[in-house]
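Written out below as structure tokens is the structure these notes cover.
The values are calculated or read from the model by the stated rules, or taken from the named source; none is laboratory data. Quantities reported herein were computed from a predicted structural model and do not represent experimental measurements. Here the Cβ positions follow ideal geometry from the backbone for every residue, glycine too, while neighbour counts run over all protein chains shown.
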Amino acid sequence: MLRRQALPRLSGRGTVQPRIRRRQRHPCRETKPMNRWTKWAGVLGLVVLCATAPALAQTKWVIATPYAENFHTANIRLFIAEVEKATGGRLAIQLHNNASLLPMSQIKRGVQTGQVQLGEILLSAYANEDPFFEVDGVPFLAWTWPQAEALNTATEPYIRARLERQGLTLLYMVHWDAQGFYAKTELRSVQDLRGTRFRAYNNVTGRMAELMGATPVTVQLAEVSQAFATNVITSMFTSAQSGVNVTAWDFTRYWYNVGGMRTRNAVVANTRALQALDVPSRDALLAAAAAATTRGKDLAKQAEVVQSDRLREKGMLLPTPSEQMMTELKSIGETLTAEWVQRAGPEGVQMLEKYRAAMQ
């Protein structure tokens, strides 16, 4: 079957008229000019999107702490509020206190591994890792506020360097208030502590118990009430603040404020997480940490007075330690300091010289 071929068109004059091929538009090209209002609406939408993107981006961090509500926790809450205010909410920090997320023994490791970005730790609890972490817990090395602050200045560079090697950045440190002995019966001398089951929360308090003739028993602060109730421990050495936290008046009658030492809590950050922050957020975090350092010192000094009064209000007796007892305790402190220097080596000797020079 023959296909019919299209014949050429003839013009009115009988001549062949050439076919005109119309140029087709590319399917992806506009078929009509964009309305100018549509165009500007698109531009405006892009501008708004770019302007609001930073505000919509939020980094969420978590901080784990081992303590219930006390002045350390209050300081952390203010620290968090200042960070969130300064960053306009770009950096949000969720607090898990009272060991509700991680127990004290796991907080430092949790920050190192990135399980949490921030953590509060009791430095002296990590004495097994490095002697410098426990130096503020050596009894009667620094038992007054001027001594505690001088020791803090002398030790901070060493502590910061050690934490950096572990992938941690030291944000700030805050002292506890003065330490004292909690007992059910009156204490006239160290001899009265002999044979007691003494709560130890780090190596040096365990060693102090041994030098006093007591039996050291490791008990975390959150477990103190139950430990006293079951006679797992019969005496302890801690601050007025800690005594209030555990309602010490329920199981002891006396608290002897011997000064002892002022251990430090440190708030640390995972270094990688810190470096991943945008510069304004990181600067805001560090500024809030500096403010927490100053504020924490004032809060600790206030707690030393306020919480001692609270113990009295609850019926506890706070006698002045006898001269004999203080002499015996300072002698024990000298032994503990000498043992610490042996563990710390040349850097420990160097640090101790700086500290003692500052106190002259």
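Tabulated values for the structure
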| quantity | calculated |
| --- | --- |
| Given (1) out of contact with any strand residue (DSSP E or B) (no Cβ under 6 Å at 6 or more places or on another chain); (2) part of a helix (DSSP H, G or I), index of the condition PRO319 fails | (2) |
| Filtered residues of segment 186-223 (kept if out of contact with any Gly (no Cβ under 8 Å at 6 or more places or on another chain), at pLDDT 95 or above, over 18 Å from SER331 (Cβ atoms) and not acidic (Asp, Glu)) | THR196, ARG197, ARG199, VAL217 |
| Any chance SER242 is within 18 Å of GLN307 (Cβ to Cβ), out of contact with any strand residue (DSSP E or B) (no Cβ under 8 Å at 6 or more places or on another chain), without any contact (Cβ under 8 Å) to a residue 40 or more places away in the chain and of a type in the set (Gly, Ala, Ser) | no |
| Filter result for LEU318 (on the phi < 0 side of the Ramachandran plot, over 30 Å from the mean Cα position of the chain (by Cα) and in contact (Cβ under 8 Å) with a residue 12 or more places away in the chain) | yes |
| In segment 245-280, the residues that are closer than 30 Å to THR87 by Cβ, in contact with a strand residue (DSSP E or B) (Cβ under 6 Å, 6 or more places away or on another chain) and either surrounded by fewer than 19 Cβ atoms within 10 Å (Cβ to Cβ) or at pLDDT below 95 (or both) | THR271 |
| Hits in segment 139-174 (condition: in a loop (DSSP other than H, G, I, E, B) and either surrounded by fewer than 23 Cβ atoms within 10 Å (Cβ to Cβ) or at pLDDT 95 or above (or both)) | PHE140, LEU141, TRP143, THR144, GLN166, GLY167 |
| Yes/no for LYS330 being basic (Lys, Arg) and in contact with a helix residue (DSSP H, G or I) (Cβ under 8 Å, 6 or more places away or on another chain) | no |
| Residue within segment 167-176 that is touching a strand residue (DSSP E or B) at 6+ places or on another chain (Cβ under 9 Å), of a type in the set (Phe, Trp, Tyr) and within 24 Å of ALA291 (Cβ to Cβ) present | yes |
| Residue check, ALA358 in a helix (DSSP H, G or I), of a type outside the set (Phe, Trp, Tyr) and in contact with a His (Cβ under 6 Å, 6 or more places away or on another chain) | no |
| Single condition GLN226 does not satisfy, out of (1) surrounded by 21 or more Cβ atoms within 10 Å (Cβ to Cβ); (2) under 22 Å from PRO66 (Cα atoms); (3) of a type in the set (S, T, N, Q) | (1) |
